[in-house]
Each structure stands twice: as C-alpha cells, then as structure tokens.
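The values are calculated or read from the model by the stated rules, or taken from the named source; none is laboratory data. These figures come from a predicted structure and were not determined experimentally. Cβ atoms come from the backbone with ideal geometry, glycine included; neighbour counts cover every protein chain shown. All accessible areas refer to the heavy atoms of the entire protein, side chains included, with ligands and DNA or RNA removed. Shrake-Rupley method; radii C 1.70, N 1.55, O 1.52, S 1.80 Å.
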Amino acid sequence: MEKVIKKLQTAQKVLILSTVISVALLGIFLADRLTCMTVHGDGISCEKIGFITREERYRDESGGLQNIHEFTDIQNGDILISLSTHTLGWRHGHAAIVVDAERGITLEAALWGQPSSTMRLRHWSSYANSLHFRVRESVAEEALFACGIKRDETVTAATQLGGLAAAFAEKYENEVMYGLLTGLGDKSPSPESISKTQCAHLVWYAYEHYGVDLDSDGGWLVTPKDIALSDQLAVIDEFGNPLGDAREDLDR
C-alpha cells in the first residue's frame, strides 16, 4: 500500500511540474504573439530570432529583408536605436554605434551567449522602427573641454567626439561577451578589464568614457529606450516614431 501511495505522490508531482512548464511555455508564446500584434504595417513581419525573442522587420513576399529606411549624414559615433525587438512582452529594443561610417559598419552586442561584433549598417534599414542620434553640439563641446582634448576646428565638436567614441568602442568593446545583467555591480569597469556588455551598455560605455552619460534614468541597467530618451542626444533620422510623443516633448 505504501508503494502505491508513493507512486501516486510521484505521479502527482510530475503532473504538477508538467502543468507549470506547459503554462509557462504558453505564456511565453502568448506574450510574444500579443506584443507582435502591437506593430502593424504593410510588409512588416514579426519573426523569431531566439527562443523567447522576436523582432519586427520589413520583408518581401519571399521572406527576404527589405531596405526601407535611408539614413542621412551617417558619421562615426552616431547611435542607432530600434524598439522592434522584444522578449516575453518586454519591448527592450536594440542599440548600435557607428564605427566606420564610410564603409557602413556598426559595432553591436546582439545576441545572448555571443561576443559583440561589427555588423553592416544596412541591416538597420529593415527594422519596423528606428532612430538615428548624434550627441548634441553643446554637450560634445563641454565633454571635449572637460577631458582636456584640443578642439579640431575643421569639424564640429559632435563629429570629433563621435570619432573618439567610435574608436574607443572598436578598441575596447569589440568581441566582448554579451552579459544580460551587465551593469549590476560595476557598470563602468576600466577599459582593460571590461568582460561583458549588452547592446545599450556598449553604446553608453563608449560615451561615458568621455564624461557623457546617456543613461536617462541613471539606473544600473541601461536600455535602448534609456538612451533614446537622453537629453544629451539630437535626432538625425526617425522612422516609425517608436517613442510616440515622449521624444517630441524632450526635443521642444
């Protein structure tokens, strides 16, 4: 009799565990699907890019990416933000810094478990929404002065600072492992000891080195939206208005 009771108890535990796992998986599926439904438009497709992550991009009838957006006046150090990427219903977005404007190259920490790497700028033109930023001229001037860096009068301060930030990012943040909890503990380690990053942290860290804090809420976790809402940045291009009125109010 005791053996029968133990078997029933074990079966009950297995059933409960299976039910919990099934409900969790269903929740993941529904969260992804419901979030996908919040973005509409001809040619926009919500595709899976990870086990629990999806993103919206413009695709043609055969599923190939469509280059819809045309970015203007791209310079080294420019920042790209999209809120097309989401996980479990959280629209966290993605971020990148331009490190070679002439060749159209960005530096990005794109995938969990993978190191940051250089990528083609062109892939940003297929996102359902995106923003192109540059540090404001007055902010760049103050940063260069505070760092004791001599002004190059042949270019704007924003261009000069952007070039420095891009070079710094490429030197110290390329091939750094993706860390989901980057910022917890030591948000700004020394350049020689940085061992993990994530998309928004990578961008933030490159400018923080020169005294420009792009994290608008100042928390331990910097997100693409935190950067997009920074009053240190000016919008160069905007496609899809991903921030609604939030950014418009900030730029007034």
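Looking at THR223, THR182, can you tell me which residue is polar (S, T, N, Q), in contact with a strand residue (DSSP E or B) (Cβ under 8 Å, 6 or more places away or on another chain) and touching a residue at least 12 places away in the same chain (Cβ under 8 Å)? Please lay out each step first, then the result.
Numbers: THR223 fails: in contact with a strand residue (DSSP E or B) (Cβ under 8 Å, 6 or more places away or on another chain).
Testing whether each residue is polar (S, T, N, Q), in contact with a strand residue (DSSP E or B) (Cβ under 8 Å, 6 or more places away or on another chain) and touching a residue at least 12 places away in the same chain (Cβ under 8 Å) leaves just THR182.
Criterion first (open to solvent by less than 30 Å² (accessible area, probe 1.4 Å) and touching a residue at least 24 places away in the same chain (Cβ under 8 Å)) does VAL235 satisfy it? Write out each step before concluding.
Working: open to solvent by less than 30 Å² (accessible area, probe 1.4 Å): no; touching a residue at least 24 places away in the same chain (Cβ under 8 Å): yes.
Criteria not met by VAL235.
Considering only the range 187-211, state which residues are assigned to a loop (DSSP other than H, G, I, E, B) and loosely packed, with under 12 Cβ neighbours inside 10 Å. Explain how you work it out, then say what you get.
Of all residues in the range 187-211, those assigned to a loop (DSSP other than H, G, I, E, B) come to 187-190, 194-195, 198, 209-211.
Selection gives SER190, SER195.
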### Message
Can you say whether LEU214 is closer than 26 Å to TRP112 by Cα and either buried (at least 17 other Cβ atoms within 10 Å of the Cβ) or of a type in the set (Lys, Arg) (or both), as far as the supplied structure shows?
### Response
yes
### Task
Collect the residues in the range 111-133 that are of a type in the set (Gly, Ala, Ser), within 22 Å of LEU233 (Cα to Cα) and surrounded by fewer than 22 Cβ atoms within 10 Å (Cβ to Cβ), keeping them in residue-number order.
SER125
### Task
Could you tell me whether ASP245 is under 22 Å from ILE74 (Cβ atoms), surrounded by fewer than 13 Cβ atoms within 10 Å (Cβ to Cβ) and modelled with pLDDT under 95?
no
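Can you tell me which residues in the range 151-185 are part of a loop (DSSP other than H, G, I, E, B) and surrounded by 14 or more Cβ atoms within 10 Å (Cβ to Cβ)?
Going through the range 151-185, the residues part of a loop (DSSP other than H, G, I, E, B) turn out to be 151-156, 173-176, 179-185.
Hits for the range 151-185 are THR156, GLU173, ASN174, VAL176, GLY179, THR182, GLY183.
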### Pair list, Cβ under 7 Å, 6 or more apart: the range 43-71 residue polar (S, T, N, Q) and surrounded by fewer than 16 Cβ atoms within 10 Å (Cβ to Cβ), other residue part of a loop (DSSP other than H, G, I, E, B) and at pLDDT below 95
GLN66/GLY43; GLN66/ASP60
### Query
Taking strands (runs of 3 or more DSSP E) that fall entirely within the range 37-103, which contain at least 3 residues that are among the β-branched types (Val, Ile, Thr) and within 27 Å of GLU173 (Cα to Cα)?
94-100
### Query
Considering the range 104-142 alone, what residues qualify as being touching a helix residue (DSSP H, G or I) at 6+ places or on another chain (Cβ under 6 Å) and in a helix (DSSP H, G or I)?
GLU137, ALA140, GLU141
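Which of the residues belonging to the range 80-100 are more than 25 Å from THR38 (Cα to Cα) and either basic (Lys, Arg) or crowded, with 19+ Cβ neighbours inside 10 Å (or both)? Working first, answer last.
Within the range 80-100, the subset more than 25 Å from THR38 (Cα to Cα) is 97-100.
Listed by number, the residues that qualify are ILE97, VAL98, VAL99.
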### Summary
Picked from the range 24-61 (must be modelled with pLDDT of 80 or more and of a type in the set (S, T, N, Q)), the residue nearest to the chain's Cα centre (by Cα) is THR53
### Those residues of the range 145-166 which are small (Gly, Ala, Ser) and in contact with a strand residue (DSSP E or B) (Cβ under 8 Å, 6 or more places away or on another chain), in sequence order
ALA158, GLY162, ALA165, ALA166
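Out of all the residues in the range 78-88, which are within 11 Å of GLU55 (Cα to Cα) and at pLDDT below 90? Walk me through how you get there before you give the answer.
Initial filter on the range 78-88 (within 11 Å of GLU55 (Cα to Cα)): 82-87.
Scanning the range 78-88 gives a single hit, THR87.
Here are some residues: GLY148, GLY185, GLY113. Which one is more than 15 Å from the chain's Cα centre (by Cα), modelled with pLDDT of 95 or more and not acidic (Asp, Glu)? Talk me through it step by step, then tell me what you get.
On the way: GLY185 fails: modelled with pLDDT of 95 or more; GLY113 fails: modelled with pLDDT of 95 or more.
Matching residue, one of GLY148, GLY185, GLY113: GLY148.
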